[in-house]
Every structure is written in structure tokens, then in C-alpha cells.
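The values are calculated or read from the model by the stated rules, or taken from the named source; none is laboratory data. Source: prediction; values computed, not measured. Because the Cβ atoms are built from the backbone with ideal geometry, glycine has one as well, and the counts that use them run over all protein chains shown.
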There are 6 protein chains.
Amino acid sequence: MNTVGDILTFLNTLAPPSMKMEWDNVGLLVGSRAQGVTKILVALDPFEAVCQEAAQWGAELIVTHHPLIFRPVKSITDDNEVGRCIQTLCAKGISAICAHTNLDCAPEGVNRRLAELLELSDIQVINPLGTDDQGRDWGLLRMGQVQEQPLEGFLGHVKEALGCEGLRYVSGGKPVCKVAVGGGACGSELMDAVKAGCDTFVTSDIKYNQFWDAQALGINLIDAGHFHTENPVVTLLAEQIATAFPEVQVMISEKHTDCLKYY
Amino acid sequence: MNTVGDILTFLNTLAPPSMKMEWDNVGLLVGSRAQGVTKILVALDPFEAVCQEAAQWGAELIVTHHPLIFRPVKSITDDNEVGRCIQTLCAKGISAICAHTNLDCAPEGVNRRLAELLELSDIQVINPLGTDDQGRDWGLLRMGQVQEQPLEGFLGHVKEALGCEGLRYVSGGKPVCKVAVGGGACGSELMDAVKAGCDTFVTSDIKYNQFWDAQALGINLIDAGHFHTENPVVTLLAEQIATAFPEVQVMISEKHTDCLKYY
Amino acid sequence: MNTVGDILTFLNTLAPPSMKMEWDNVGLLVGSRAQGVTKILVALDPFEAVCQEAAQWGAELIVTHHPLIFRPVKSITDDNEVGRCIQTLCAKGISAICAHTNLDCAPEGVNRRLAELLELSDIQVINPLGTDDQGRDWGLLRMGQVQEQPLEGFLGHVKEALGCEGLRYVSGGKPVCKVAVGGGACGSELMDAVKAGCDTFVTSDIKYNQFWDAQALGINLIDAGHFHTENPVVTLLAEQIATAFPEVQVMISEKHTDCLKYY
Amino acid sequence: MNTVGDILTFLNTLAPPSMKMEWDNVGLLVGSRAQGVTKILVALDPFEAVCQEAAQWGAELIVTHHPLIFRPVKSITDDNEVGRCIQTLCAKGISAICAHTNLDCAPEGVNRRLAELLELSDIQVINPLGTDDQGRDWGLLRMGQVQEQPLEGFLGHVKEALGCEGLRYVSGGKPVCKVAVGGGACGSELMDAVKAGCDTFVTSDIKYNQFWDAQALGINLIDAGHFHTENPVVTLLAEQIATAFPEVQVMISEKHTDCLKYY
Amino acid sequence: MNTVGDILTFLNTLAPPSMKMEWDNVGLLVGSRAQGVTKILVALDPFEAVCQEAAQWGAELIVTHHPLIFRPVKSITDDNEVGRCIQTLCAKGISAICAHTNLDCAPEGVNRRLAELLELSDIQVINPLGTDDQGRDWGLLRMGQVQEQPLEGFLGHVKEALGCEGLRYVSGGKPVCKVAVGGGACGSELMDAVKAGCDTFVTSDIKYNQFWDAQALGINLIDAGHFHTENPVVTLLAEQIATAFPEVQVMISEKHTDCLKYY
Amino acid sequence: MNTVGDILTFLNTLAPPSMKMEWDNVGLLVGSRAQGVTKILVALDPFEAVCQEAAQWGAELIVTHHPLIFRPVKSITDDNEVGRCIQTLCAKGISAICAHTNLDCAPEGVNRRLAELLELSDIQVINPLGTDDQGRDWGLLRMGQVQEQPLEGFLGHVKEALGCEGLRYVSGGKPVCKVAVGGGACGSELMDAVKAGCDTFVTSDIKYNQFWDAQALGINLIDAGHFHTENPVVTLLAEQIATAFPEVQVMISEKHTDCLKYY
């Protein structure tokens, strides 16, 4: 039978831990490498509902993008959500693996998938941080081309491609042609997108001054939501694991959708 | 003739510098206390367009909420917006005063005004940081009551009262009754609103994990936009200055509106 | 039924968390305040054998002196003992409470008990850190009198009273009369014992230079072992809890003895 | 027409910013690269009198050795000299460039010029920090030979060559033969001069203990004044700029002399 | 016979260690409290020549203003002056006491003596740091009045009163009336003198920018030399000790004069 | 005549200072390189009794393993042992050289000697930190083989070989075959011994939790005492110096034995 250790080894090939940011916490965060695995639940976040879903379905492993433990913990009690999640997982013998910023940066990770979903052509890594052993660049942001079009049209394309309920944006006063993408909160990388010559940047969790900076710099800045820019990688993870481990059942969480609404 | 120093003294009474956060930079940031004043332009931000508007109108002073210099500067060149603004102001002899977190916290400041605009009753300071010399509490957040109503209805009220183009929110699963407000980016004060017993929190610049935290904590969290939650104080500033200095012309910037759009 | 929360409240009275050292981690470290309790296992350390003993006996709570989590943890896996202990406890629904340096310092804690066991008279706190609400001094070390006797004789008394297999010591060249005690590793408090006028100090985990310092300072220094100087408090904890909660079964760990041998 | 950017590029060749100390602030500190330039005022310091002199003469640029902004500034008001200078410059559209420790260290900078003025032969860099693209050493101090002579005679030579009103010195008990020079406050580099085998060190702003250190180390230490050891570079800067930009008028400040007097 | 401990106790009354700056090192730096004392050598600095003078004269104690050990030492070898001094002192059984910034600040210390020597009237402490048990203010600087006079005249007075070979100064453009004094390197306290309303400040080790700051602030700044502004306290120390311990011989060092010359 | 400098040069070849830990203080700590040497006293520690022994014997140099000055000192008085030792040495003109962690790590240093004394075969450096100019590995710990034997038997061997009065140990549940050694307090290197595949580790100053860690990790851990694991190097030092400098008398301290007793 496949083990948690086998899945971890596979994920470490897809998204090597050496590609993570220094402050991040990735890999096997709860459980045991020796644990046998027949069912894996994949989700963007290891929220309580996801842990319970895994328990009810009988999964021995959850694989998520965001880490269950981010700041090191001094206690594991039911006073907070992280404690309740760890208790549920340990009680049911469920392990938890996370691939976070290493998956953001990996050649075939979050941002590659986001670029593909937006149908960018000639996808490249912006400011590569290195090359992997297959000679592929890796790094945080991606950029690529679209047929030149007005911002209005591209907004519709993003909303449909990512399934967003709404978008927030500022116009940089230019048509859309060269697009940078960064799933999750990449607003502080705005200058990287500008320096790479992009006219448009799709990311999320944009703050007030970042919208104004974009306007001053003349770049279209689109906040498509943290969930909708990162969740596509969940499908990728599920597909990759299912392909590599055909005898294991892999399911994407049905409980975990975005909580954020627009009015 | 009234001077910049007179206006500064007046604003320091309205929003004493001692009420500012430790990291903030408030007061007279450009110009001269001795400068005579006949025209004052008031705006939320000291952006380039605002500085030019002041120059064209012939103002000797701009009063803003956000500080023109936040991180200390090592040069003043036209390579960046702060440098261009300082050059414009110095070239035209215009002074600049800012009242930022001291105005957020002041008894009659940003958050008091926001609470009033949302028609909260029985407005109180959450976690007062002190009392002023009139015995009034001061501190960052405010809270108050509304007639119990479904979240949906309150969303409409917020949108209309603040003139927002759109809202982002998460439901905490409760009707709206006791509301906390914090203009600008107060997402990290979420727990203060919860501990104060509020069922709803109106602020801006909310990040992904803060929406989820709100859902887990069972509190309605509404992101009404940084501009729309803070800009009401501009009217208050203009009115107060005009009342105190009847011989001075006070104008609210016509150039400065929100850059953020919804789609 | 009594709950973990009830026991925690009781222990916090016996050894208030405010008496702990700044770097320490005490209180409810694993589990749930709401957990019902019928059986409590008490031990010096929350080692794996102790957790298993609790599981086998059916305890819902373990109470220990040393904290299960000392350095905050970034993962909970079976790769290390702390992870295995947490997994065992969560799997069985067992909570864990620790009272560490707060119990060392409490008026009726580790060091008071150690002084009593050594039959010191006129027991006092050395360098009290405060007084509790009953007006009793609290602090780390205790001191008291014995009938003046040669060091050799006192060594035999310590060995027998604490049940040590062996002792390490250095002679300060004086008979034993005024004795300081500090359970566990208190070697760095040597000067406090000297300044308090003691001729003899009983503690553990003494390092080479501390033995030499004692000789130079003319104080008898006795290393009676970390386990044997602290374990007496386990009996005290068990008795106190049993008295306060007569309907709960309280057992002292039978698995946890000292691992250290002399040759 | 030449621009400020052209002059900056030229000065960056003469004294590359990469040669500056880590803590220093050099380059274009006020103004605009695009500014056209017909008149340049050169001075050791950008004091208020110098800025006014530039304004009266109609200069579009001042070039100084000491930086106008050293510690980053949080406000630009007429309460202090730096603020008044910036206001004057911005009001008149005058840019300000500074070449400080990069000019000290440059192959043809402050200390080279100082060594030449003292007629040292065989001038070398003490402890070179690198070589420039022409293969020339660069670094802080210079050393060279003079005809062996008594200290008394060399003092007269220094006073005359640099135009000092007075000198302060300590005798190291040796005749003058091998001389180290460091314009400005280089007293903390005393050991470098000693290790390089020099018998005499000419610099400025020497403190009490440095005079005693020199005596104990047996090296003649001469404080020839900060102004008089650095001001010679002003002539060099003026000459170099005038040669490179013949169509620009270059003037050395007539207002800026040393303020320090001897009695 | 009097002991080093007796002298230390006396000096600690004159200049309590609690009045020292946080970074300073004062008190008994070499030797033994139990050492009997018949001869004491007093000097501004514990230089090698002073230690040898003490040894030749047969002193058992040197008392100096500047500390023999300032930065803690990792070795005591003849490779440097501090090591050689300690070796000389230990070889001859000579103790060393220093009273540094505590003596600067003491009510009857360095700066009081300096003010008296300059014949200031109505001497007061600038910015007192506290009051001693006799109710006297203590702190770093002193100020007092002189008959209003031109700067030129006051310079002559200072030179004569302190026995300086030369002075360095900048004129603040005002006659001398209210004078601040700070023996040794007090240039960084310039603003304190200005805020206290003084028109003239006498201190030493002034740096280039401090002379310019004084000119800009309109205060006369006189550098009368570190030795000549502090050495007067040596006489005071010798007198005080001789008076308190009539049976002890007290001598002021004959070897220690200023090394600094003017040309 | 040989000098202290000659001995220092020789010892620096045996144990190069570059092999020391960053926090350590080694080399000539007291005295003079120029001092002539006819008698050298060698000891593990530079305690007061050792300094007096050197003085009485007429030695001009002591060579020790532990440094006389570890934390830099701010005074040299008879209030503490370090001060008294320095005074004794300086009074008698005795120099002091120490070779501490550089001697621990040297190819022929403390731990090599310890391994030889325990008759380990095939001695290797665990985790070498480098190779010296003879191509030999150097680093902290050593490991080697013994004939497989029960722990009990090996304990007897250690006790006899090192002359220990007693041992403290924990069993890892394995026979002894591959042994790691680290003289002095090397308990924090336990994982290095485990990772190198050793079943037994001989060191000293083991703390409570380290004994438990060893048991959990399944490695026999023997605390043979700081003195007894390091003192063998004293003989080595004496032999090496005597061989290299046949005209110098070298003596091992007769006063310095272990102060620690077992009961």
C-alpha cells in the first residue's frame, strides 16, 4: 500500500521544499510517513470543515496549499481553529501535507496554472530564482501575452475563466497585451510586473495604496480574489496525485468554496 | 492674517499629535508656520493631482488625512510621486499639514464621523486609549447600535450611506445589531470588535485570512473600501476649519475621488 | 462531572501562571477545557511511556511538572517524541496540563516540598519575587536549618530522604547548618544561596565550573539529581487534586522512574 | 542643452557611487535629471548661504562634497537648515548633487588631491578597497614621500599649502618622511597609517584620545582642519566639470569659507 | 592605616557611581580594597608614564578621571598600553580607582570646578538629572553669568584661566554673557546649551559640523581642549583626598601634561 | 633563551587558533611574548592554586586548557578569582597561554587523546570541520571501535582508563561497539554521535533531558566527568612541549585534581 511518505516524496518532486520562502512552513505538518493511504482529500485550506470532511470520507491524508501550522504553536487545544483541526486529524489518524510557497514558485505550480487558465501565451517566469534539475525556470510570478484588447474585455475574461463573483481593479490607462499573474496576495510584487514590461497584473488582496501606485505607474491592476487565483492549483494537485498513484482515491474538497461575497 | 501655525494649532486641538500611533508622521510636513493663509485645500491624500489643484487654485496650505512623507526620505527628486509633490509645494510656497492616526483616534475624528454617517446610536469608543482634557474617550474603533436587521439590508444601507460602488463581505451568520467601525485598514483589529460583543464590523482592505477568521468567529465583516470609509472626515475637517477661520476660504479637493472600480 | 477546566482552575490557584518564568509554557497544553474527567495520571514528565500509561488506564487528563511543548512546534509528526505524545493524547481524547516554573516558585510547590522532605526547619523563601494573596512569599529557592552536622552525615540524609542511587558533591569545607534547596537545574542560582548565608546547597545538573565555583566560595554543593529533587512534588500534586476532587481517581505514574544510573 | 542627468553621469564616472561607504547618501539628492543646466555652483557644503548664492547667481545646479540630506528626513519645514535649503532649491528649480565618500575614495578624488597639494611623491592608496575599470586602486587614505625633514618644518609646509589659519598636532618623535593623508575626519584610521609604515598622518577632527594614541604609537599626527583638508577637491570638481562641459558656467562658491578660528 | 577601600568609599561619596553614564566603567578597576595606602598619585589619565611615576614614587594607589579599562579586555599583555599599565600596577601592588562621568556630573565635580575656574557667577546645573541627598542638583553641564563682554575678551580669559596653549572657536555673533561649560567632549550637548539660553559654550573635541551648527544657531562655541577643561578636577581630587586623609601623602602627577600642540 | 613567543608559536602549530570556536578566547592571555622561559607549569585550569604553584616553583609561564579570561573583564581586583590570578601572574612576571577549543578540535588534541586512552581502534573525526596542512581531519568529536561488549563491562573500562571515582550513565539498550567521545561538556552534540552510527557516547556534564534523549534515541550515554575526560591532554601538552624545548623544564601541576566527589 502507498504511504504518506510516498505521497510526500512525490509532492516534493513537484514542488521542492527548497523553493519555499524562508518564512514558510511546508511538508508533512501532521501525522506519519508510515501511514498507509487509500483516500486523499485535496483543498486550498486545511480549515475545520475540510478536516471533518476528510474524517467523514475516511481519508488518511489531506493535501492543502496553505499550511495548517504557520506560526509555531505552544498548545493544541480546542480554543482555536488550528488546535481543533490538529485534534480532529490526530483523533482519526489523518496526516496533513502542505505545499505552499514552494508550489507557488514551482515550474508547474500555482502561478503556471493560473497563467494557463487565463490563456496567456508564451508564458515565462518573471525574475527567476533558479532553474530546477530539468533546466526549467522557477520563481514567484509568471507573465504572458494576450491578443491586445481593452481592459473591460479582459476583466470579463478573467471573471469567467476563474469563476469570480466579482473583481476589483484600477485602470492604468492602457489596453491589455502583456499580463503578469501572481495567485494570492502578490500586491507587493507590483514593481516586478512593471519592470518586466507588463501592462496588466492579476493578483489579489490589493490594498488601497497599491491601487493608487498602479494608477501612478500606469499599469492595470486586477484583484481577482485570493481563492479564485489560487484554487485552480487544487485541481492540478488532485490530477497529478491521481495519475501518479492510480490505486489511491483522490477527491477535491466539496465543502471548501470562497467565503467572500460581493454586494 | 491667519498663518499656517494658527491652523496647525487648531488641528492639534482637534486631533492632538499625542493620540497618533508610534510609527506615524503627522503635523506640519512641508512649509512654514509663519506662512500667511487665505486658501486651504482639504483632501484625503496629498497625491500629485491634489498638489497641482492647490497650486492652480492658489492655496497656501493643503490639509490631508494621509501623510505626504511616511517613510523618511533620502532625496527629493522627480523620480517618484512624493518627490514631485514636495517640489510642487515648495515651488509654490504651499505648506502641508497631515492629521492621520491622531485623527482616526480623536473623539471627533474619522471613526466618530464614520459611525455617525452609518447612523449608529449610542456610539462608544472600543478599548479607549485615554480620555482627553474634556473627559471624552479616544481610541481607534467605534461601535454603536442599529435596529436589528438582516445583513443584506445593512449592506444596502452601508453602500448608500458611504456612496460605495461595491462592497466585499463575509456573513457571520447573524443579524446586524451591534456594529463596530474602523475607517481604513483595520482588519487586524477584528478580535477587538468580537470581544466588544459586536456582530458586525465595517472597515476596509480586508485580506483573505481575515474574511475566514470572521466567518469562524461568527461576525459579519464588511469591506466598504479605504476611500469610502475615511473620506467622510474630509468634510468634517473642511467644516471645522471654515468655522474656526471664517476669513479663510476652505475647499474640498474636486480632483480626488477613489480610483478603485468593481466589475 | 468535573472537567479539565475545573482541574486547571484548581491548579492555577495552587501554582498561579503569573509565578512562571517569562520563557516558560504552562497551563492547558493539549486538549479541551470542556472535557469531562474521571481519571487523572500525575507524573514528573509527559514522556511517551506516560502518555501510553494514561491511555491504557483510561485517564482523560495527565498533569505533569515539565511541559509537553516547550519550544513552539511547527509540525506534529511521529518523527519525534513530542509529536508522538501529542498524537497519542489527541487520539485518545486526553488533555495535558503542566505546572512548571510556577509550581517551582509557588508557596506550596516543588521547592517547599523538597525542603520539607529534607526536614529543614524555619523554611524561608530566598529572594522572594512577591507575595501571594494570602500574604505568603513565593520565589525559586528555599532555605532552612538543620542540626549542625558534618557534610558526610548530611549526604547520607539527602540520599535516603530523596531515594537517590548516588550523589555528586563538592565540599565547601564547612559543616552543614543552613541549607538552600532548588529542585531541578538551579546551579546558576549558586550566588543567591551564598548571599543568603547558606553553607550548603542541594540542587541538580551541576556543571564542572559550578562545582569549582562552590569550592572557591566555600559552600557545600550537592547534586542530588534532577528527578529526585523534583519528583516529590508529584505526590503533592496527586494528594492536592485527590483532596479537592474526591470523585476523581488520581494515580501517580508507575512507569516513570529515573533513567540515570551511577557506576 | 546639457542636463542635470548629464552632469550626474559625468560625476558618477569620476566618483562611482559604488565606491561610497555603506552609510552614506550620494548622487542626485534634490531636483530633476531632466533639468537643463547653464550654471553650476560648486562648494564643499550645501549650507543655506550656498543655496542662496546659487539662487542669486541663477544656477540650476549645485555640486557639493557633503550631502544635503544625510539622515533621512520626515519633514521639510523652515524650522531647520536642511528644510530651508530644500525649500530654496525647490522654489528656484535648482538641483543638488553630492559626491561624498565616493569622492574621498575615488582614484582622482579628495585624498589624491590632498596628497598632491602637499607635494607628496610616489602617491599610493593605503589598503585599496578595489581597482576601477582603468585598473587604478581606490580607497580612503593616500600616502607618499617627502624629503626627510623635522616635524616643525613640515607643519609650516602643511599650513601654507592648505592655507590653514592654525594647526593642532602631536609629535610622534620622528622626522617626517612617509606621510599618510585623509581629508576630513579620518582619526579612526590612525592604525592603518601606522601599519602602512607612515611616520606622519595629516587629517582633521582629531579627538583627545587619538592624539595620545598617536604619541604612544610614535606617529606625528596633524589636525589641519576639516575644511582645509577637503576644500581643495572643490577646485578639482570645478575644473573637471568645466573641462567636460565647456558650454556650462562653473563657479566656486565665494560665500563658503571655514567658520573655525584659532586664538 | 587607611586602605584603598577607605579612599574608594570617600570618592563614592564625592562622586556616587549612580551618577555615571550607563556605558561607563568607574570605581576600583585594579587592585584590592584591603591594600594599605600611604601615597596616592592623582592624574587625569592612567597612562603608562603615570603608572611608572606611581611605581617610582612608591604610591599604593592612583586616582584618575579617565578609566584604565574602558572596553572590557580579553587579554593583558604588553602588546598594548592598557595591558602594560595593568602589568605595572599589579607588579608593584598598586591599585587604581577612577571617577569618570560620575565626577563630571557630581555637584562638586569636573564641571562645577570648570565653571568656578572661569569665574562664572550664579552657577547652575543645566538639565539636572537628579538631586543628591543634600538636595543639590547634579548633571552634566553647568552654566553661569559673566559681565557682558566681547567674545575676543572672553577668549583671552578662558585661555589664561585654563592655561591653554591655543583655542579653536566659532563666533555666534553675540557678546558673551551667559556661559555653558562641559569639560571634555560635550559637543553633542550643544542644543542643551542653546535651549538653556546660553550665548557661549566652552567644551572640547568639537567636530566640523558642530562648529557650523553653532554658527547657524547663533552661539559662540569654544574648544578649549579636552585636557585643559578637565584637568582642573585633578587639583580638586587631590585637595579633597588630602583633606579627608591627612596622614596620606597625595601628589598630582608631574609627568602628565597635555600632548597636544598648536602651530 | 626560549621565550613565551616561541612556546606560543609551537602551540599554535599544535592547535591553530583558527580551529577554535567563534566564542572562545585562546592564545597569550597574560604576559609578554618577549619573556624568557626556563620553567613551564601545565594544568587543565588556571585556578588560583595553580597560579600560586607556578609562582612558588618559579615558572615564567603556565599553559592551560581552559582560558583564564573567558568573558572580557572590566576590572582586575581581588574580589574574584580571575582578578586574583591575574594579579599573582603579573606580580611574578608569569605569562599565561591557553589552548581551549582549538585543542579540542586539533588532529592531535583533547579528543584524539581521549579516544586513544579508551583504546578505541580506527579513530576518526565525526563531522570534520576541515583538514589541516598535513591533510589531517580536525573537528570536535572522535569515534572508534571496541570489541563488542556489554555496557557494564565498558563502564568498568572507562572508569579505570580515565581514573574516575564514579560515572553517571543511561543505557541505550545496546552492547558497546562503536564509541563516540567528546571531552568536557559535549552533551549537546548527542545527535552527531547518533547520526554517525555510534552506540555509545562518552562525555561529561550531561543534563537531565540529555539522559532521557539518549534513552529515547537508543544510545548509551556515559558522563565520565569534565576533569577526567579532558585532563589527559595535560600530559600530552607537557610531553609535546618538553620534546620540542628540551632545555625548558616542564611540570604538570601537582595541585590540580578534580574537586568533584561521588557518594
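See the values below:
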read-out: Hits in the stretch A:148-171 (condition: touching a Leu at 6+ places or on another chain (Cβ under 7 Å), outside any strand (DSSP E or B) and either modelled with pLDDT under 95 or surrounded by 19 or more Cβ atoms within 10 Å (Cβ to Cβ) (or both)); value: A:LEU155, A:VAL158, A:LEU162, A:LEU167, A:SER171
read-out: Check on D:LEU120, at pLDDT 95 or above and more than 9 Å from chain B (Cβ to nearest Cβ); value: yes
read-out: Sole residue being of a type in the set (Gly, Ala, Ser) and outside any loop (DSSP other than H, G, I, E, B), chosen from C:ALA185, C:ALA216; value: C:ALA216
read-out: Residue list for the stretch F:89-109, restricted to those being assigned to a helix (DSSP H, G or I), crowded, with 20+ Cβ neighbours inside 10 Å and either at pLDDT below 95 or facing another protein chain (nearest Cβ under 10 Å) (or both); value: F:LEU89, F:CYS90
read-out: Selected residue (criterion: nearest to the other protein chains (Cβ to nearest Cβ)) from residues of the stretch D:172-195 that are surrounded by 18 or more Cβ atoms within 10 Å (Cβ to Cβ) and out of contact with any Ser or Thr (no Cβ under 9 Å at 6 or more places or on another chain); value: D:VAL194
read-out: Looking only at the stretch F:225-263, and only at residues there that are of a type in the set (Phe, Trp, Tyr) and outside any helix (DSSP H, G or I), the one that is farthest from the other protein chains (Cβ to nearest Cβ); value: F:PHE245
read-out: Residue count, the stretch E:30-47 (criterion: within 22 Å of the chain's Cα centre (by Cα) and either closer than 23 Å to E:THR229 by Cβ or surrounded by 24 or more Cβ atoms within 10 Å (Cβ to Cβ) (or both)); value: 9
read-out: Candidate set: the stretch F:120-147, residues that are touching a strand residue (DSSP E or B) at 6+ places or on another chain (Cβ under 7 Å) and acidic (Asp, Glu); chosen: the one surrounded by the fewest Cβ atoms within 10 Å (Cβ to Cβ); value: F:ASP122
read-out: Residue in the stretch E:108-115 that is basic (Lys, Arg), touching a residue at least 12 places away in the same chain (Cβ under 8 Å) and under 19 Å from E:GLU230 (Cβ atoms) present; value: yes
read-out: Residue among A:GLY130, A:GLY156, A:GLY139 that is closer than 17 Å to A:VAL233 by Cβ and of a type outside the set (Lys, Arg); value: A:GLY139
read-out: Residue among E:SER95, E:SER75 that is free of Cβ contacts under 8 Å to residues at least 12 places away in the same chain, among the small types (Gly, Ala, Ser) and out of contact with any His (no Cβ under 6 Å at 6 or more places or on another chain); value: E:SER75
read-out: Residue in the stretch E:48-64 that is free of Cβ contacts under 8 Å to residues at least 24 places away in the same chain, more than 14 Å from chain F (Cβ to nearest Cβ) and assigned to a loop (DSSP other than H, G, I, E, B) present; value: yes
read-out: Any hit, the stretch E:125-146, residues being hydroxyl-bearing (Ser, Thr, Tyr) and within 14 Å of E:VAL179 (Cβ to Cβ); value: no
read-out: Condition check for F:LEU140: modelled with pLDDT of 95 or more and in a helix (DSSP H, G or I); value: no
read-out: Boolean, E:ARG142 is within 19 Å of the chain's Cα centre (by Cα) and basic (Lys, Arg); value: yes
read-out: In the stretch F:65-88, the residues that are within 8 Å of another protein chain (Cβ to nearest Cβ), touching a strand residue (DSSP E or B) at 6+ places or on another chain (Cβ under 9 Å) and assigned to a helix (DSSP H, G or I); value: F:ILE86, F:GLN87
read-out: Every residue from the stretch A:248-258 that is touching a Ser or Thr at 6+ places or on another chain (Cβ under 8 Å) and either hydroxyl-bearing (Ser, Thr, Tyr) or closer than 16 Å to A:ALA49 by Cβ (or both); value: A:ILE252
read-out: Residue under evaluation A:ALA34, criteria (1) within 14 Å of chain C (Cβ to nearest Cβ); (2) within 28 Å of C:GLN35 (Cα to Cα), criterion not met; value: (2)
read-out: Qualifying position, being within 20 Å of C:HIS226 (Cα to Cα) and away from chain F (no Cβ under 14 Å), among C:ARG136, C:ARG168, C:ARG142; value: C:ARG142
read-out: Lone qualifier among E:ILE222, E:ILE206 - being surrounded by 22 or more Cβ atoms within 10 Å (Cβ to Cβ) and part of a loop (DSSP other than H, G, I, E, B); value: E:ILE206
read-out: Selected residue [more than 15 Å from the chain's Cα centre (by Cα), modelled with pLDDT under 95 and not aliphatic (A, V, I, L, M)] from D:GLU53, D:GLU81; value: D:GLU81
read-out: So A:VAL4, is it more than 14 Å from every other protein chain (Cβ to nearest Cβ), crowded, with 23+ Cβ neighbours inside 10 Å and closer than 21 Å to A:MET251 by Cα; value: no
read-out: Criterion (farther than 24 Å from E:LEU260 by Cα and either touching a Gly at 6+ places or on another chain (Cβ under 7 Å) or of a type in the set (A, V, I, L, M, F, W, C) (or both)) met by exactly one of E:ALA106, E:ALA99, E:ALA161, E:ALA115; value: E:ALA106
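Table: residues versus (1) closer than 21 Å to D:GLN124 by Cβ; (2) touching a residue at least 60 places away in the same chain (Cβ under 8 Å).
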position	(1), (2)
D:PRO150	no, no
D:GLY153	no, no
D:GLY166	no, yes
D:GLY173	no, no
D:CYS177	yes, no
D:SER188	yes, no
D:TYR208	no, no
